[in-house]
Every structure is written in structure tokens, then in C-alpha cells.
Amino acid sequence: MELDQEEALYEFLENATEPFTLEEITIYVQASGQKPNKKLIMEISAYLDARKIAFKQNNHTWVSRRACFESGVFAITPSRQELLNGILIPGHRCVPFANPMTLPHRYTFIWKGEAVPGTTTEAPPEDLYPYYSIYGEEFAPQYIARDNPKNEEAFNADPYEDPPEVSIHTLDMRAIYRESAFVPGDRFIVRILDWKECKFELEKAGNEDWSRSDLDKWLEAAEAGFEDSFALVGPGASTEEQVAFAFWFGGKRMRNVPAYSLEEFLFEKTNRVDTVPYGIETRFWFAGKEIPDSKNLQNYTVPPDRTFIEDLLYSKNIPISEFVILSYIRDAFFRNEKDIDLVINRLVPPVIHLDETEWDLLADYISDSIDDFYKSYSLFLDQGAGPIRQRVAELHTAVIELSAKLQKGEIESVWLPRHTFIVLSQIQGHAAALLEDLAFDESPSDSDVNAMDNSLDSMVDTYTDIKELINSAMDNFRRSNLTLIHGGKQVDTNRAQVWRMIQVSISGLDVWRRAIISHECTMEELHQLIRIGMNWIGDMRFRFYIETLDGGKEYLHDKIKLGDIDFQGKKELIYEYGSKWNVKVIIMSSYQPAKNEVTRFIAGDGAAPPEQVDGPRHFRRLVGFLEAGSIKDKQSAQRELGQEYVPGIFDLDRMNRSLREVFSDGEM
């Protein structure tokens with residue numbers, strides 16, 4: 001679709017309050033002034049499917065978000081802090097019942113026919129983050145920064161440190177709390193008056209007004225809705241998208257009251273939905289499970305109705321739009337380069353093969369684009385955007401090249417850091433979005449350039465970190481393979497044994513360890529290794545199981561050896577420790593041991609949670625308090641975690657010393 005057709009499509013969806021057919025939306029989009037397009041109906045169908053901006057009701061009709069949610073009712077439960085201060089922070093409270101194109105501080109709330117007055121609240125950012133965390137914990141600072149220009153300036157001043165205090169727009173609820181005798185546990189019933197304009201009506205619901213059985217029915221619908229969203233849509237482009245589809249799949253019961261607030265459900269009531277790492281972001285997911293990595297770069301902003309040149313690049317695992325190509329061309333103007341080959345080699349690194357026909361197509365496209373845009377380009381006007389565009393393009397090229405090398409290489413994916421391709425996809429997607437913003441003549445403001453520069457610094461740091469981890473993993477992989485190849489014929493008894501590389505990781509946390517063990521290792525001994533790797537005492541009940549082909553569990557006896565397990569094709573087992581912790585054990589490549597080899601840890605990341613902590617979710621909350629909580633929260637979290645706990649500490653030497661003490665004979 002053309003740009004104005006996309007705008008017409010979004011305009012239609014913003015105003016659609018009833019289910020619609022593809023024919024109806026196509027007629028509307030076609031009337032935007034473009035020439036007739038026989039494929040437009042298919043392009044719109046692909047666009048809706050790929051961008052997840054409407055819900056498919058059946059094979060013939062779709063439902064816009066406005067039509068789905070404008071008829072809904074939901075609940076907000078004010079926190080004790082809000083009641084004490086006489087305010088309400090909209091934050092993420094209205095997801096998904098608000099137009100995602102409107103920021104929370106621009107919502108309008110009505111109480112008994114009158115608009116609730118606004119006020120401002122000053123606080124350290126960490127005190128406000130919990131009110132925006134459903135958007136994704138990593139995005140909470142952005143929502144607070146975008147509340148007003150002063151916040152944005154404060155955050156941009158230092159991308160690595162939060163400002164000491166910010167100010168956000170809130171609702172002045174003092175009179176409402178007073179006249180309605182609002183107490184902790186009471187809720188607001190929220191009705192959507194206008195989804196597009198984000199206008200809501202508030203009504204009080206007392207703590208005792210709703211029965212537990214009615215709330216349990218809502219909870220059941222919500223859990224089913226989220227799990228269907230994960231299974232059918234996957235992690236999606238954002239947490240907001242996940243929540244929207246959860247409310248769609250959860251049906252009308254989930255979009256009505258009695259109901260828990262979304263915060264209560266996600267952070268207090270459900271045991272089936274959890275927040276899990278997703279590369280450098282977070283997503284909601286099945287509790288106790290990880291989001292699997294992909295094998296390609298995934299960019300949710302790539303047009304589903306790709307042009308021939310976008311499709312050519314997409315087939316090479318370069319998911320970008322033509323605007324990104326234009327940004328590379330403008331970068332060539334800024335560099336004062338006229339060689340088309342240089343542009344192509346930055347756009348498509350040489351590690352990616354282009355045949356002669358593909359090269360010619362790309363060269364012709366770039367040549368025509370240079371002719372079209374060179375006359376309007378001004379080096380003088382590009383002095384603000386040019387340097388940052390150049391840095392972003394270099395980062396984007398580096399990500400594409402690294403991804404291509406990993407796909408071409410022979411390294412097994414289990415050796416790579418967790419979520420390698422997800423992280424690379426996220427960096428590539430953010431870089432591509434910046435390049436799209438920098439593809440046009442209009443120069444960004446100084447504040448925008450500053451924000452872009454800070455964002456780019458963060459992306460470069462993340463890329464550097466993941467590249468170092470990848471290089472380390474590849475070195476370990478090569479050393480392991482060389483040991484296998486050069487083992488020689490003269491081997492002692494120890495060398496004749498089969499050893500394995502394993503990886504153990506705590507479900508729901510970015511904490512993992514990699515170790516070398518013998519096939520003679522029993523489950524009891526593997527328990528000891530995990531205990532040492534996680535710095536656990538080991539007093540809780542434990543058991544191992546493998547998932548059977550029919551989806552069941554086969555529990556393993558403590559004395560069974562690793563080499564005697566029938567994994568039924570899936571090289572992993574699960575270690576249950578107590579009632580709160582699950583550890584995934586991935587069986588990796590075979591390893592030919594050196595003479596007098598010993599069981600040992602060789603890599604890892606993250607400080608493991610103390611075993612007495614009440615599961616992954618509570619642990620993440622405690623760590624969050626340590627990093628960005630109030631003084632009282634920090635002290636409370638440190639007491640629960642223990643004075644010796646330090647976030648991020650991973651002491652490989654200490655772990656291996658402990659292993660040697662437990663297994664003094666050098667073998668398991």
C-alpha cells in the first residue's frame with residue numbers, strides 16, 4: 001500500500017465501531033485518491049494479519065480495537081499511596097481500553113458528569129515506574145519522559161542515570177475520595193465513553209460489592225485469554241499488543257465487571273501468567289516457561305505488502321522498508337560518495353550473497369533513487385542529522401552482518417547466548433526505525449537529536465555486549481570440536497568416557513550456568529551441581545523429569561545416570577526445586593575430556609536468587625527495589641534477599657572451588 005492508503009486504513013479503524021468486511025475497508029482505502037489497485041484487498045488482509053491492529057472475527061469479518069473495547073467495562077484499583085496523596089495515575093491502567101496512539105496524561109476522566117481536574121505529582125522516577133510497567137518495564141521511563149518536555153530533558157541529560165525527581169500529570173481525586181468514602185480495596189468501575197479520544201467515566205465499586213465467585217469467573221476468563229494470546233499470537237511486537245489480544249480471546253466476560261484490575265491480575269492473582277525476559281525487553285508469557293528464540297531477524301515494522309526491492313532484501317534476512325534504503329542513500333550523500341557499490345555493500349554486507357540479477361536490481365533501484373533525491377539534498381542542512389544517521393547505519397550494517405555470519409556458521413544454537421536472534425532483531429528494529437526517521441529532508445530538532453544519540457549509545461552498548469558473549473560462545477564451541485577431532489587413538493579410561501556440555505537456567509529469570517559433566521553423572525549428583533551453581537543450600541525437595549511425547553512428565557530416579565536417559569528426541573530435562581523454582585537443563589554437544597578432566601562450570605550469567613525467595617516474580621520485584629526502590633523498599637528487599645546478595649554477581653572460581661570440595665575425586 002501507498003503511504004496515504006496506510007493513513008486511510010488507520011483512519012477507518014479509528015472510527016469503525018461495528019464489525020467490518022475486507023470489501024468495506026478496501027472501498028474506504030481505495031477512495032483515498034490513489035489509482036485503482038486490484039491487489040489492494042489482499043494487501044489490506046496481509047497488513048491486518050501482520051500488524052495485529054484489528055481482530056479477525058471469522059473468515060469474512062474483522063473487528064477494530066475501538067469496536068471491541070469501546071463497549072467494554074473494566075476496573076481500576078487505586079494504590080494506598082494514591083489514596084494518601086489524593087491522586088490517581090492513569091499510567092497503564094487503561095490498557096487495552098485506550099487508543100494506544102494517545103499518551104496516558106492526555107486521557108479524560110468523568111465523575112458524576114464532570115471532568116476530573118488534573119494536577120501534577122513530583123516524585124523520584126522509581127516511585128512511578130510501577131504505574132507504567134504493563135507497557136514493559138523497559139519502556140516505563142519513556143512514558144514518564146514523554147509526559148512533559150522537562151521530564152524528557154531530564155532523562156536525556158544522562159541516559160545511564162535516572163533524574164532525581166520528575167513531575168507527571170495526575171488526576172486530582174481528593175474530593176472524590178472524600179465524598180465517596182473511598183478506602184483501600186475499593187475499586188473504580190471504568191466505562192469507555194470514547195475510545196478514540198480516550199474519554200472514560202468513573203463509578204465507585206466497594207470492596208464488598210462483588211462476590212468472590214464472580215471475580216473467580218473473570219480470573220478464569222483472563223487466564224484463558226492470555227494463554228490463547230501466547231499460543232496463537234506469540235510474544236508479539238509489544239506487551240500492549242499481548243494484552244489487547246488477551247482481552248479479545250478472553251471474550252466479553254473479560255471485558256466486563258465484576259473484574260480484577262489488570263495490575264491485580266498480573267502481579268497478584270494469577271499463577272499461570274508471568275513476566276519473562278524477551279531479549280532486551282520483557283513480555284508476558286506462560287509462567288515457568290521461556291520464550292523460544294528465532295533463527296532469523298524479526299522486524300514487526302516491515303511492510304507485509306512488500307515492494308519488489310523490500311522483498312528481495314527480506315529474502316536475504318534484511319527486514320527493512322524502502323525508507324531505510326533512502327536513509328543509506330542520504331548517508332552516501334553526507335559522505336560525499338558516488339560509488340553505488342559502496343552503498344550496496346553497507347546495505348547488504350558481502351557475507352550475504354547476491355547473484356548478478358539481484359545486484360543489478362538493487363543497483364538500478366539505488367541509482368534511480370540517487371537521481372530522484374540528490375538535487376533536493378543539502379549538506380549544510382544535514383549537519384545535525386548526518387553524523388547520527390551515519391552511526392546508526394554502521395550499527396545496522398554490523399547487526400545484519402553478524403546475524404548472517406551466525407546463520408551461515410556451523411555453531412549449534414544451544415551454544416549461543418539466550419535469545420541471541422531476539423536481541424539482534426530488537427537492535428536491528430530500533431536502528432531501522434531511527435533510519436526511517438532520518439530518511440527525509442526535515443532535520444530533527446536538537447532535543448530529538450540528543451534523544452536519538454542517547455538511544456543509539458544504548459543500542460551500541462547492547463550490541464557490544466551480545467557480540468562479546470557470542471564470540472565467547474563460538475570460542476568454546478571451537479575448542480570443544482577441536483578436542484573431539486584431535487582426541488587421538490591413545491586415550492585413557494577417563495578420555496574414553498562420553499562427556500557433555502550442559503546449560504542450566506532458572507525459568508523466568510535471565511540466570512544461567514554452563515558446565516561440563518560426564519554421562520556417568522547421576523540425578524543426585526546433577527542436583528548437587530545445580531545447587532552449587534545457584535548457591536543454594538539444597539534442603540528443599542527436588543526431582544527431575546522429562547516431557548514425554550504425549551505432553552506428560554516422566555520423573556527420574558535419583559540414581560539414574562545422564563547417559564541412561566531416553567530423552568525421546570528432546571535433549572532437555574526439568575529440575576523442580578521446592579515449590580517455586582524450575583530449572584531447565586539443556587544437554588548440549590558431546591565433549592571429549594582432557595586427561596584427568598573434572599566436572600566444572602565454564603560460563604554463566606546473573607546472580608541466582610536465594611532459594612527461600614517466593615519464586616521468580618517476587619525475586620524480580622525485590623531486585624527492582626534494590627536497584628530503583630525507596631530507601632525503605634531497598635532495606636526490606638535486602639533483608640529478604642540476605643545481606644550477602646549482590647545483583648549480577650557470578651563467581652565462576654567460587655563455584656568450581658565448591659564443586660571440587662563436594663566431588664573431591666575429580667569425577668562425578
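The values are calculated or read from the model by the stated rules, or taken from the named source; none is laboratory data. Remember, predicted model here, so these are calculated numbers, not experimental data. Cβ coordinates were reconstructed from backbone atoms using ideal geometry, including for glycine residues, and neighbour counts include every protein chain displayed. Quick note on the areas: whole protein, heavy atoms, side chains included, nothing else; ligands and nucleic acids left out. Shrake-Rupley method; radii C 1.70, N 1.55, O 1.52, S 1.80 Å.
Residues whose amide H falls under 5 Å from that of residue 110, counting only those 5 or more places apart or on a different chain, are 116, 200, 201, 202, with hydrogens built in the peptide plane. Using heavy atoms of the protein chains and a probe of 1.4 Å, the accessible area assigned to residue 355 is about 60 Å².
Shape verdict for the chain, please, from the Cα gyration tensor: rounded (a/c under 1.5), prolate (a/b greater than b/c) or oblate.
Working: a/c = 1.74, a/b = 1.16, b/c = 1.51.
Verdict is oblate for the chain.
With a Cα-only, solvent-free Debye model of segment 181-223, what are the log10 I(q)/I(0) values at q = 0.15 Å⁻¹? Cα-only, vacuum Debye calculation for segment 181-223: -0.53. Heads up, I need the accessible area for residue 193: 1.4 angstrom probe, whole protein in place, Å², nearest 10. Answer for residue 193: close to 90 Å² accessible. In this simple spin-label approximation, residue 194 and residue 454 carry label points 7 Å from Cα along the Cα→Cβ vector, and these lie 3.3 nm apart.
Label-to-label distance, residue 635 versus residue 220, with points set 7 angstrom from Cα along the beta-carbon direction: 4.6 nm.
Protein-only accessible surface at a 1.4 angstrom probe places the residues 83, 342 in the order 342, 83, largest first. Applying 0.36 nm per residue to the separation of residue 605 and residue 11 and subtracting their alpha-carbon distance, the gain on full extension is 209.2 nm.
Computed from backbone phi, the HN-Hα couplings of segment 232-239 come to 9, 10, x, x, x, 7, 6, 5 Hz, rounded to whole numbers (Karplus: 6.51 cos²θ - 1.76 cosθ + 1.60, θ = phi - 60°; Gly and Pro given as x). For segment 57-122, the Cβ-based charge dipole about the Cα centre amounts to some 140 debye (Lys, Arg positive; Asp, Glu negative; other atoms uncharged). Working note: 222 nm ellipticity from helices only, DSSP H runs with n ≥ 4, each -39,500 (n - 2.57), summed and divided by the residues of the chain, gives -13500 deg cm²/dmol to the nearest 500. Using 12 Å as the cut-off for backbone N distance, which residues of segment 47-71 belong to the label zone defined by a point 7 Å from the Cα of residue 256 along Cα→Cβ? Correct set: none at all. Using 0.36 nm per residue and subtracting the Cα-Cα separation, the extra length available between residue 657 and residue 464 on full extension is 66.4 nm.
Based only on the alpha carbon positions, what is the Kirkwood hydrodynamic radius of segment 240-328, in angstrom? Taking every pair of different Cα atoms in segment 240-328, averaging 1/r and inverting gives 16.3 Å. Segment 110-156 and segment 638-656 have Cα centres spaced 34 Å apart. For the chain, a simple Cβ point-charge model (Lys and Arg +1, Asp and Glu -1, everything else neutral) yields a dipole of about 2100 debye relative to the Cα centre. Its Cα centre serving as origin, segment 133-188 has a Cβ charge dipole (Lys and Arg +1, Asp and Glu -1) of approximately 400 debye. Remark: segment 138-242 is approximated by an ellipsoid whose semi-axes, taken from the C-alpha gyration tensor as √(5λ), come to 31, 25, 14 Å, largest first.
Near residue 139: Cβ cut-off under 11 Å, other residues only, Lys/Arg at +1 and Asp/Glu at -1. The net charge is -3. Taking amide H as placed 1.01 Å from N in the peptide plane, the amide H of residue 521 sits under 5 Å from that of 562, 563, each at least 5 places away or on another chain.
Report the local net charge at residue 185: Lys and Arg +1, Asp and Glu -1, summed over other residues whose C-beta lies under 15 Å from its C-beta. Result for the local shell: -2.
Oblate is the label for segment 329-371. Its Cα gyration tensor axes, ordered a ≥ b ≥ c, give a/c of at least 1.5 and b/c at or above a/b. Length gained on full extension, residue 4 to residue 21, computed as 0.36 nm times the residue gap minus the Cα-Cα distance: 4.1 nm.
For segment 218-261 versus segment 62-102, the inter-centroid distance based on Cα atoms is 15 Å.
For residue 663, no residue 5 or more places off, or on another chain, has a built amide H under 5 Å of its own. What is the sum of charges around residue 238, taking Lys and Arg as +1, Asp and Glu as -1, for the other residues whose C-beta is under 15 Å from the C-beta of residue 238? That works out to -1.
Quick one: with all protein chains in place, what share of the accessible area of segment 1-67 is carbon or sulfur, to the nearest percent (1.4 Å probe)?
52 percent
Couplings 3J(HN,Hα) for segment 62-75, derived from phi with the Karplus relation 6.51 cos²θ - 1.76 cosθ + 1.60 (θ = phi - 60°), are 10, 10, 6, 4, 4, 5, 5, 9, 5, 8, x, 9, 9, 10 Hz, where x marks Gly and Pro. Farthest toward the positive end of the dipole of segment 28-100, out of 29, 72, 87, is the Cα of 29, where the dipole comes from beta carbon charges about the Cα centre. Note on segment 585-631: Kirkwood radius taken over Cα pairs, Stokes-Einstein applied at 20 °C and 1.002 mPa s, translational D equal to 148 µm² s⁻¹. Within the assembled protein chains, the solvent-accessible surface assigned to residue 364 is about 90 Å², based on a 1.4 Å probe. All distinct Cα pairs of segment 1-97 go into the 1/r average, and the inverse of that average, the Kirkwood radius, is 15.5 Å. Karplus-based coupling profile of segment 5-19, in residue order and whole Hz: 6, 4, 4, 5, 4, 5, 5, 4, 5, 5, 10, 7, 10, 10, x, with θ = phi - 60° in 6.51 cos²θ - 1.76 cosθ + 1.60 and x standing for Gly or Pro.
Taking only C-alpha pairs under 8 Å that are 6+ residues apart, what is the relative contact order of segment 551-668 in percent?
After rounding, I find 25 percent.
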